[in-house]
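In what follows, a structure is listed as C-alpha cells, so that the remarks can point back to it.
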Amino acid sequence: MAGIRRVVLTGGTGLIGRALSQYLAERGVAEQRILTRNPKRQLLLPPGARLVPWRAEPDALAEVLQGVDAVVHMAGANVAQRRWTDAYKAEIYRSRVETGRALARALAAVPESQRPRVFVQMSAVGYYGDRGDAILTEDEPPGQDFLARLCVDWEAATQSVQDFGVRWIATRTGIVLSREGGALPLMARPMRWFVGGPLADGQFYIPWIHIMDQVRAMAFLMNHPEARGPFNLTAPEPVTNEVFIRTLARVLRRPAWFRVPRWALRLVLGEMADAMLASLRAVPKRLLDLGFTFRFPDLTSALQDLFAQG
Ligand SMILES: NC(=O)c1ccc[n+]([C@@H]2O[C@H](COP(=O)([O-])OP(=O)(O)OC[C@H]3O[C@@H](n4cnc5c(N)ncnc54)[C@H](OP(=O)(O)O)[C@@H]3O)[C@@H](O)[C@H]2O)c1
C-alpha cells in the first residue's frame, strides 16, 4: 500500500471490515485503529490492528483520526438481519449517517498536517433503486426508496471532508459473496437441503462481487490518487436471480426446484422483501476505466472459489 501506513476503520469488525483489515495488514499497513461500540470483545485481529472505543464527541474522535493516512467508514446496523420496523429503519439510518457526520465534523478539528489523505465512504448499489434491465453506471441518478435515500444521505454525510483537501471516495457496493456471512450462506443453505430455487420471477438483476475483489478494489482506490467520487464495486457481469441460483445449484451439485413467490417473501420479510427483489444491473465502469482487474469477473469462478473446500 503505497504511502498508506496508518488507517482508521469503522465497521472493521464486520464481514467486509475483517477481510479488509486482514488484506491491509498483509500489504504492509502498520497500524489500524478499529472504531467499535464494543472494544472489550475477544476478536482475533491481524498484526497492527487494535480496537478503539467509538465516542462521537468531536474531540475524542479527532484524536483517533489524527495522524492516519486513510479512513474507511463501513459501520452500520445490518440491513438484512431484522424486520424493518420504523425503529429499526431509524437505527439503520442513524448508525450510518450520524456516525458519518460525526466523523466529518471531527476531521475538521484535526490539524491540517495531521489529516488523512483519503476517506473511503461505504455505500451500496441500492443507491440507484429498483431499475429493471437498465445498465447502471455511476452517472445514473439515485432512486426513491428507503435504501436509495439512505445511500444518498450516507454519502452526503461525509462528502464535506473534501473541503479540507481530503480525497473522498464512495464505494457503491453490490452483494458481497463470502462463506463467512452476508447473503451467500443464506442462499446456499436451502439449496443444500434440496429446497433452493429462484425468488419471484427470478428476472431481477443481482449486482454481486467476490469478497476478495471487494477488498482488493477498496485498497486499489485508496492507493490511486486520481480515484475520487463514487465507484460501483460490483463484478462486471451482473446476472439475474434465476441465473445466479442456477449457477449456485450447479456449483453445489444440488437441484433448484423451489420457487419462492413474491407474496410469500413480502409476508415473511415485509418491506425488506422489496429491497431483496430490486433489480440492480450495476456495472463497475469507473473502476474498470481506472485499470482495476477483477480476480473473479464471472459468477462461476467466484462460486467455485468460495465453495472449493466443500
Ligand atoms: N455485505 C454486503 O453484501 C454489503 C453490500 C453493500 C453494502 N454493504 C455495507 O457495508 C458495510 C459493511 O458491511 P458488512 O457486511 O461488513 O456489515 P456487518 O458484518 O453487519 O458489520 C457492520 C459493522 O457495523 C457496526 N455496527 C453494527 N450495528 C451498528 C450500530 N447499530 N451502530 C453503529 N455501528 C454498528 C459493527 O461494528 P461494531 O460492532 O464493532 O461496532 C459491525 O461490525 C455496511 O454498512 C453495509 O451496509 C454491505
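From the residues ILE206, VAL195, LEU184, which one has its Cα farthest along the dipole of the stretch 155-232 in the positive direction, the dipole being from +1 and -1 charges on Cβ of Lys/Arg and Asp/Glu about the Cα centre?
VAL195
For the stretch 64-93 and the stretch 145-162, compute the distance between their C-alpha centroids and round to whole Å.
Cα centroid of the stretch 64-93 versus Cα centroid of the stretch 145-162: 12 Å apart.
Could you pull out the trypsin sites (Lys or Arg not before Pro) across the stretch 191-277 that fall in loop regions by DSSP (anything but H, G, I, E, B) with no more than 11 other Cβ atoms inside 10 Å? List each step's numbers first, then the result.
On the way: sites: ARG192, ARG216, ARG228, ARG246, ARG250, ARG253, ARG259, ARG262, ARG266; in loops: ARG228, ARG253, ARG259.
For trypsin sites (Lys or Arg not before Pro) across the stretch 191-277 that sit outside H, G, I, E and B with at most 11 neighbouring Cβ atoms in 10 Å, the list reads ARG253.
Can you pull out the chymotrypsin sites (Phe, Trp or Tyr not before Pro) in the stretch 133-198 whose DSSP state is coil and whose Cβ has at most 14 other Cβ atoms within 10 Å? It would help to have the intermediate numbers written out before the result.
Numbers: sites: PHE146, TRP154, PHE164, TRP168, TRP193, PHE194; in loops: TRP193, PHE194.
Sites meeting the loop and neighbour criteria: TRP193, PHE194.
State log₁₀ I(q)/I(0) for the chain at q = 0.09, 0.10, 0.12, 0.14 Å⁻¹ as given by the Debye formula over alpha-carbon point scatterers of equal weight, solvent excluded.
Taking Cα atoms of the chain as identical point scatterers yields -0.44, -0.55, -0.80, -1.08.
Under 5 Å between amide hydrogens, which residues at least 5 positions from LEU233 or on another chain qualify, with H placed 1.01 Å from N in the peptide plane?
ARG172, THR173, GLY174
Find out how many positive minus negative residues lie around ALA62, taking Lys and Arg as positive, Asp and Glu as negative, among other residues whose Cβ is under 12 Å from that of ALA62. Write out the running numbers ahead of the final one.
On the way: positive: ARG55, ARG105, ARG115; negative: GLU57, ASP59, GLU63.
Charge balance near ALA62 sits at 0.
Using unit Cβ charges (K, R positive; D, E negative) and no other charged atoms, how large, in debye to the nearest 20, is the dipole of the chain about its Cα centre? Intermediate values should be presented prior to the final figure.
Working: 39 positive and 30 negative charges, 210 e Å.
Using only the charged Cβ atoms, the result is roughly 1000 debye.
For the chain, build the charge dipole from Cβ charges (+1 Lys, Arg; -1 Asp, Glu) around the Cα centre, then report which of ALA217, LEU252, PRO142 sits farthest towards its positive end.
LEU252
Let me know the Rg and Dmax you get for the stretch 194-276 when you use only its Cα atoms, in Å.
Expressed in Å, the Cα Rg and Dmax of the stretch 194-276 come to 16.5, 48.
For SER301, SER123, which order do you get if you count the other beta carbons within 10 Å of each Cβ and list the fewest first?
On the way: SER301 15, SER123 23.
The fewest-first ordering by Cβ neighbours comes to SER301, SER123.
Dipole magnitude of the stretch 1-46 about its Cα centre, charges +1 at Lys/Arg Cβ and -1 at Asp/Glu Cβ only, in debye to the nearest 20? It would help to have the intermediate numbers written out before the result.
Numbers: 8 positive and 2 negative charges, 38 e Å.
Around 180 debye, computed over the stretch 1-46.
Which residues' amide hydrogens lie under 5 Å from the amide hydrogen of LEU136, considering only partners 5 or more residues apart or on another chain, with H built in the peptide plane?
Correct list: ARG281, ALA282, VAL283.
What FRET efficiency comes out for PHE194 versus THR300 if R0 is 22 angstrom and r is the Cβ-Cβ distance? Round to the nearest 0.05. Don't skip to the answer; put the middle values down first.
Details: r = 21 Å, r/R0 = 0.97.
About 0.55, to the nearest 0.05.
The stretch 204-310: which GluC sites (Glu not before Pro) are DSSP loop and have at most 11 other beta-carbon atoms within 10 angstrom?
Working: sites: GLU226, GLU242, GLU271; in loops: GLU226, GLU271.
Loop-located and lightly packed - GLU226.
Computed FRET efficiency, Cβ-Cβ of ARG117 and GLN144, R0 25 Å: what is it to the nearest 0.05? Kindly include the intermediate steps, with their values, before the conclusion.
Details: r = 35 Å, r/R0 = 1.39.
For ARG117 and GLN144, the calculated efficiency is 0.10.
Considering the options GLN42, VAL79, THR99, tell which one lies farthest towards the positive end of the dipole of the chain, charges being +1 on Lys and Arg and -1 on Asp and Glu at the Cβ, about the Cα centre.
After comparing all options, I get GLN42.
Any read-out appearing in this document is the output of simple, stated calculations on the displayed coordinates, not a laboratory observation. None of the values given here were measured: they were computed from a predicted structure. Don't worry about glycine lacking a Cβ; one is built from the backbone with ideal geometry, like all the others, and counts go over all protein chains shown.
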